[in-house]
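Quick notes on the structure that follows.
The values are calculated or read from the model by the stated rules, or taken from the named source; none is laboratory data. Computed from a predicted structure; not experimentally measured. With ideal geometry, Cβ positions are generated from the backbone for all residues, glycine too; neighbour counts draw on all protein chains shown.
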């Protein structure tokens, strides 16, 4: 892999992947939405080029990236939070954009397409997640991700490209959305506010964004065509344990409101990735414990003035 294209590069995983690739001698072309408020997160250099292109116009990429590429990472997606997850027309468009991304990747000379799917493809499942677990998504976002994964696989096969789909679990780290459980808890504690939580009995799998980026790089190099890989740490701990660690590092003097929020009617109580296939095919092992990753994340949050 000498050059990679990344759509949706301004999020936590995308930015971490840029750093991971560049650190390993891979040039990056970051495809950013025109007018994006987060575009300045992309620090251009001899190794990093920024290209402005909307998801609805990915057919323009071959004109914008004359030098071509080897691997295409498609992270770009509209409607990932809240009510937008059930905007069916919007989610359906995302499937088209994913297929457009395959067309662009092929035109650029890429031999590999890697798509970012989600745990939402599974729906509710109490157990470790791998590619053999049946997928029964319960919202438009999960349905569209599942459809995009299956359709892009067929499209890549038709073009003779290697296709790798990932199902990403709970990733945390710098540049993560401020409304996620981890980030909102950190910011409240840093502002000496009491975070309200459930009882925290859920068993959960968190992976640091730098480790997610490592997994993505290794998949670009060694991933097996046609496989779906779950991206997580492979270990589940009680949610309360994670929140306690956040509290100890962000603000020991604030009481955390365990039990303030009741469990929802569709509450998932166990979420963990089975990373056996990821390990066997790529040699991936997480480099960061939650304790170490959260310290870096909290230090980054201190610089954000939120």
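Some values worked out for this structure:
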read-out: All strands (runs of 3 or more DSSP E) inside region 22-97 with 2 or more residues being touching a helix residue (DSSP H, G or I) at 6+ places or on another chain (Cβ under 7 Å), at pLDDT 95 or above and surrounded by 20 or more Cβ atoms within 10 Å (Cβ to Cβ); value: 27-32, 71-74
read-out: Failed item, numbered, when residue 14 is tested on (1) in a strand (DSSP E or B); (2) under 20 Å from the mean Cα position of the chain (by Cα); value: (1)
read-out: Residue among 271, 278 that is in a strand (DSSP E or B), under 27 Å from residue 165 (Cβ atoms) and outside the structural domain of residue 213 (by TED's automatic domain parsing); value: 271
read-out: Flag if residue 246 is in a loop (DSSP other than H, G, I, E, B) and in contact (Cβ under 8 Å) with a residue 60 or more places away in the chain; value: no
read-out: Residue count, region 237-296 (criterion: touching a strand residue (DSSP E or B) at 6+ places or on another chain (Cβ under 8 Å), over 29 Å from residue 223 (Cβ atoms) and surrounded by 15 or more Cβ atoms within 10 Å (Cβ to Cβ)); value: 1
read-out: Verdict on residue 296 being more than 18 Å from residue 176 (Cβ to Cβ), more than 17 Å from the chain's Cα centre (by Cα) and assigned to a helix (DSSP H, G or I); value: no
read-out: For residue 233: the one exception among (1) in contact (Cβ under 8 Å) with a residue 24 or more places away in the chain; (2) over 18 Å from the mean Cα position of the chain (by Cα); (3) under 23 Å from residue 122 (Cβ atoms); (4) in a loop (DSSP other than H, G, I, E, B); value: (2)
